[in-house]
Amino acid sequence: MKTLTLSYYTLVENIRQKIFYVLILFGVVLLAAAGLLGVIGGEQKIRVLKDLAAFATESIALFSSIFISSTFIYSEIENKSIHMIFSRPVKKATYLIGRYLGILSSLSIMIIFMTLLGLLVVIVSGGKGELQDALNVLMTILKIAIITALALFFATITTSKITSMGFTFFFWMLGNFTMELDFLSRMANSFVLKVFSLFIYTIVPHLHKFSAQRPFGITEFLLIFLYSVIYVLLCMAASLLLFRKKEF
């Protein structure tokens with residue numbers, strides 16, 4: 001119950017303070033892009049609009065996730081609000097899980113609304129929604145679930161907001177190049193380089209598999225979903241082990 005309460009207040013706080021303005025910015029950018037693309041006609045315009053909306057949605061959600069997840073612990077320590085929380089019978093696991101669920105819920109709502117706004121612009125421009133659009137939303141939310149868990153993990157092992165955000169962004173970048181890391185681990189002549197590249201390939205999230213632009217069946221989707229759940233659980237378990245050692 002306490003976990004859900006923390007999750008709810010985190011959700012409300014993020015919606016009130018950040019997400020509303022992000023949605024306005026996204027809408028302005030998308031409408032401006034639709035106007036600029038007015039010279040392009042037919043299916044090409046609709047395709048470009050959809051790709052732009054999907055890219056903007058994932059990019060904004062990514063940076064929002066990194067910023068919110070990497071800074072909220074430091075912010076609550078600085079303004080002493082974390083002491084008020086732990087002055088009550090609240091366990092650190094409850095706090096961390098509640099905050100994670102609240103952040104992920106608010107980001108998921110933001111992603112859904114940005115997708116709907118993008119779809120509205122596409123419809124007004126003469127296009128229509130497709131099943132692929134819904135799949136894009138699911139894949140983006142799974143990516144953000146992983147990135148949020150990673151950001152919380154780095155927030156528990158670093159002492160700087162910038163360092164935490166930097167590490168998370170670096171892992172996100174590596175996660176989009178895991179195929180290259182796998183190739184490097186197999187082709188490297190140096191044993192040290194082979195082991196190192198294999199290690200990095202193992203610990204970074206395989207985000208390239210989350211691309212909804214390629215066709216795949218329900219089995220592969222379920223495997224990707226299962227991979228996301230396991231990765232998030234491992235990150236949260238590691239975060240909790242480290243967070244329990246902190247004194248407030």
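Before moving on, here are some points about what is shown:
- Conditions (1) open to solvent by less than 30 Å² (accessible area, probe 1.4 Å); (2) on the phi > 0 side of the Ramachandran plot; number of the one not met by Gly126: (1)
- Residues that are surrounded by 18 or more Cβ atoms within 10 Å (Cβ to Cβ) and of a type in the set (Ser, Thr, Tyr) within the range 42-70 comprise Thr57, Ser64, Ser65, Ser69, Ser70, listed in sequence order.
- Ile144 touching a residue at least 12 places away in the same chain (Cβ under 8 Å) and either in contact with an Asp or Glu (Cβ under 9 Å, 6 or more places away or on another chain) or charged (D, E, K, R) (or both): yes
- Of the residues in the range 13-22, not one is closer than 19 Å to Ile141 by Cα, at pLDDT 85 or above and out of contact with any Pro (no Cβ under 7 Å at 6 or more places or on another chain).
- Within the set Leu119, Leu135, Leu104, Leu152, the sole residue that is part of a helix (DSSP H, G or I), open to solvent by 20 Å² or more (accessible area, probe 1.4 Å) and either at pLDDT 85 or above or hydroxyl-bearing (Ser, Thr, Tyr) (or both) turns out to be Leu104.
- Pairs with Cβ under 8 Å, 6+ apart, first in the range 42-68 and touching a residue at least 60 places away in the same chain (Cβ under 8 Å) and among the acidic types (Asp, Glu), second surrounded by 19 or more Cβ atoms within 10 Å (Cβ to Cβ) and part of a helix (DSSP H, G or I): Glu58/Thr140; Glu58/Lys143
- Residue in the range 183-200 that is open to solvent by 30 Å² or more (accessible area, probe 1.4 Å), hydrophobic (A, V, I, L, M, F, W, C) and modelled with pLDDT of 90 or more present: no
- Filter result for Met173 (at pLDDT below 80 and open to solvent by 70 Å² or more (accessible area, probe 1.4 Å)): no
- Failed condition for Arg88, given (1) in a loop (DSSP other than H, G, I, E, B); (2) exposed (fewer than 14 other Cβ atoms within 10 Å of the Cβ); (3) in contact (Cβ under 8 Å) with a residue 40 or more places away in the chain: (3)
The values are calculated or read from the model by the stated rules, or taken from the named source; none is laboratory data. These numbers were taken from a predicted model, which means no experiment stands behind them. Reconstructed Cβ throughout: ideal geometry from the backbone, glycine too, with neighbour counts over all protein chains shown. To get the accessible areas, we keep the full protein, side chains included, count just its heavy atoms, and leave off ligands, DNA and RNA. Shrake-Rupley method; radii C 1.70, N 1.55, O 1.52, S 1.80 Å.
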